[in-house]
Amino acid sequence: MNQIDCYAVVGNPIAHSKSPQIHRLFAEQTNQELVYEAIRIDAEKTPFNYAVRQLMAKGYKGLNVTVPFKLDAFDFADELTARAQTAQAVNTLVFHDDGKVLGDNTDGIGLVNDIELNGKRLFKNQRVLILGAGGAVQGILQPLLEKQPICVHIANRTAAKAEELAQRFAGDISITASGWEEVPLKPGYDIIINGTSASLENKVPPIQEDCLKLDSLVYDMMYGAEPTVFMAWAKQHQPDCTVMDGLGMLVGQAAEAFNLWRGVRPETASIIQQIRDSISA
Ligand code: ATR
């Protein structure tokens, strides 16, 4: 009898992870037989590498990796995809039969696909404003730049971190950086992405509302049962703009991981809706 393939998301804390529910729905949709769990790693008792080697020894086929282990996973992998290398963080591990471990980062493509496929807004020829310069933003820049926006401006509370990222990702696309006060405003931004963790504290990055346009798409990488404070701020100042939260990014990164493991990419829109319904219930 064949053993069922096992996968898991590892992190700490992990109890509220939506990943098991998302992957169960993917498996149903694509008729795949697999088990997917959430496993908390207490790194003080069991170091990340040791915990992952134990799961590999048990026959697990792959892992999703979340806070605070994305850098540990980056170091752990034997091989890295190009997007994991540029993100310098890994959220998906694939355990090959020969014992080699591939590390990938599907966060950026999850965001890009959510905006392009579900938000129906292509990045090509768009003016993009990104708020924040931490790990989350570092992970999305390369896949976003590949979609050829006209320009990207990164604004951050600590301007030096934004400038460092702009320098690192400099290339064909114009990429600039500043603190909040110095964000160039005219003629407004087509796509504005909040990649700070400010929404967790119910705070809005103090940017001027003039960066909003009538048809801006405003995206918060955070999500919750209610629209985030950042989405509410955008709607208050520009009622016609489109707002999206980061639930689609979460489902999108999971879909890419699922594809990497199973060779089939699930359709995400219906799954996003099901998860949203369960969050608001
Ligand atoms: P993550 O992995 O979620 O990106 P991180 O690397 O700690 O976490 O980065 C958090 C980001 O949110 C940073 O850009 C941070 O700004 P600083 O670089 O100045 O620290 C930003 N951030 C956190 N709290 C914020 C707040 N209350 N207002 C504005 N920006 C905030």
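The values are calculated or read from the model by the stated rules, or taken from the named source; none is laboratory data. For clarity, every value in this text was computed on a predicted model and none was experimentally measured. No Cβ is skipped: glycine too gets one built from the backbone with ideal geometry, and neighbour counts run over all protein chains shown. These area figures cover heavy atoms from the full protein model, side chains too; ligands, DNA and RNA do not enter into them. Shrake-Rupley method; radii C 1.70, N 1.55, O 1.52, S 1.80 Å.
Roughly what % antiparallel, to the nearest 5, for the DSSP beta bridges in the chain?
Bridges in the chain that DSSP calls antiparallel: roughly 15 percent.
Here the label points at Gln85 and Glu37, each 7 Å from Cα along the C-beta direction, are separated by 3.5 nm in the simple model. Take His96: with every protein chain present and a 1.4 Å probe, its accessible area is about 80 Å². Taking only the C-alpha atoms of the chain, the Rg (one decimal) and the largest Cα-Cα distance, Dmax (whole number), read 19.0, 64 Å.
Accessible area of the range 108-245 with a 1.4 Å probe: how many percent of it is carbon plus sulfur?
Working: 3130 of 6320 Å².
Looking at the range 108-245 in its full context, I get 50 percent from C and S.
Across Leu214, Leu165, Leu71, mean-square fluctuation computed from a Gaussian network of the chain (C-alpha pairs under 10 Å connected) peaks at Leu214.
The calculated FRET efficiency for Glu201 paired with Thr46, based on their beta-carbon distance and R0 = 35 Å, is about 0.70.
Using alpha-carbon pairs under 8 Å, 6+ residues apart, how would you state the relative contact order of the chain in percent? Working shown, then result.
Working: 563 pairs, mean separation 43.4, N = 281.
Value for the chain: 15 percent.
Of Asp72, Asp107, the order by accessible heavy-atom surface (1.4 Å probe, DNA, RNA and ligands excluded), from most exposed downward, is Asp72, Asp107.
Once the Cβ-Cβ distance of Asp98 and Asp210 is raised to the sixth power relative to R0 = 45 Å, the FRET efficiency obtained is 0.20. Could you work out the relative contact order of the range 108-245? I mean the mean sequence separation of Cα pairs under 8 Å and 6+ apart, divided by the number of residues, in percent. Once divided by the residue count of the range 108-245, the mean separation gives 21 percent. Between Gln54 and Arg276, the FRET efficiency estimated from the beta carbon spacing at R0 = 35 angstrom works out to 0.50.
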